[in-house]
Amino acid sequence: MRILVCTQRDLVACVALNRLLPGLDGYTVEVVLHEPPSGDPDPGNPWERQRWFEGAFARHTIFLPMDRLPHPAGELLTFHHLARRHAVRFHAIDVNTGDGYKIACNFRPDLILCVRFRRVFKEPILSLPSLGVLNLHPGALPQFAGLAAPVHTLLAGKTRLTSTLHVSYSGIDTGPVIASVDLPVDWTRSLFWHLPPLYVRGVDLFLREALPGLAEGSRPLARPQDRTRRRYPHEPTPKEITVFERRCLPFLDERDYMEVARCFGADWPRTK
């Protein structure tokens, strides 16, 4: 089976790939990497600051220094070392258009799997894989669609975050649901701390519930979403950000970030 994995170049996605790619050994795999928004280091906007730490800051303090080493320095591998260890090609392309679509066509995927992927697929890419397009969404569907699902889940008073595996159609988070798994909230931690294990649980769900059948050429059973229950809140407003940090969790605690950075072998913050 030929699997095209679509994700983004940030810290959380890299942790998820560290769980996914070993589970795909024996299959023919290529990875598409989308560049996420750069975020903003200004502490006045915790939502954008979290994005900055996950993306631009991680690239400069974790990925680039670790990529210069001939061998991985920690238990987790950067995108560069993942590509080498698993003999997987990584592409920085837009699969919807132009040369990116040609690369996807030439790969001839049987399945496309999206893990923390921000792009909305369009035709003809949706019809390219014979086994369809699956997506790991960080929220319960149909109640919490959209990129900010974890934030709105906690604002709604929930005590668990959810990773949902579903079929991806042309709309955003609209396809039938295959399965979901929950992650209890640790109220002593930050929102960032929950994201890597949330996606890892989703990856495990895919490997356990969907991959075996897909390898035999059959699509997994999925139930249509109840559209009357669908909610699609957009990115949190400044007021919602303030309420979230007051009532729920901080968006980022640098101690939580340090835990993840050191799993890659990164010396951050630098010690003497």
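Per-structure values
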quantity: Fully extended contour minus Cα-Cα distance, from His60 to Ser127, at 0.36 nm per residue; calculated: 20.4 nm
quantity: Sum of -39500 (n - 2.57) over DSSP H runs of 4+, divided by residues of the chain (222 nm, nearest 500); calculated: -9000 deg cm²/dmol
quantity: Å² of accessible area per residue within the range 97-190, as computed with a 1.4 Å probe and no ligands counted; calculated: 38 Å²
quantity: Span-like helix ranges in the chain, DSSP H, alpha carbon extent 18 angstrom or more, Kyte mean at least 0.5; calculated: 11-23, 191-205
quantity: Cα centre as origin, Lys/Arg/Asp/Glu Cβ charges: the chain dipole, Debye; calculated: 240 debye
quantity: For the range 1-92: accessible area per residue (Å², 1.4 Å); calculated: 42 Å²
quantity: 14 Å beta-carbon shell around Asp204, net charge (K/R +1, D/E -1); calculated: +1
quantity: Neighbourhood net charge (15 Å Cβ-Cβ; Lys/Arg +1, Asp/Glu -1) for Pro233; calculated: +2
quantity: Carbon + sulfur, % of accessible area of the range 1-143 - ligands and nucleic acids excluded, 1.4 Å; calculated: 49 percent
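The values are calculated or read from the model by the stated rules, or taken from the named source; none is laboratory data. In this text, all values refer to a predicted model and were calculated from it rather than measured experimentally. Here Cβ is always computed from backbone atoms with ideal geometry, including for glycine, and neighbour counts include all displayed protein chains. Please note that ligands, DNA and RNA were not included when accessible areas were found on the heavy atoms of the full protein model with its side chains. Shrake-Rupley method; radii C 1.70, N 1.55, O 1.52, S 1.80 Å.
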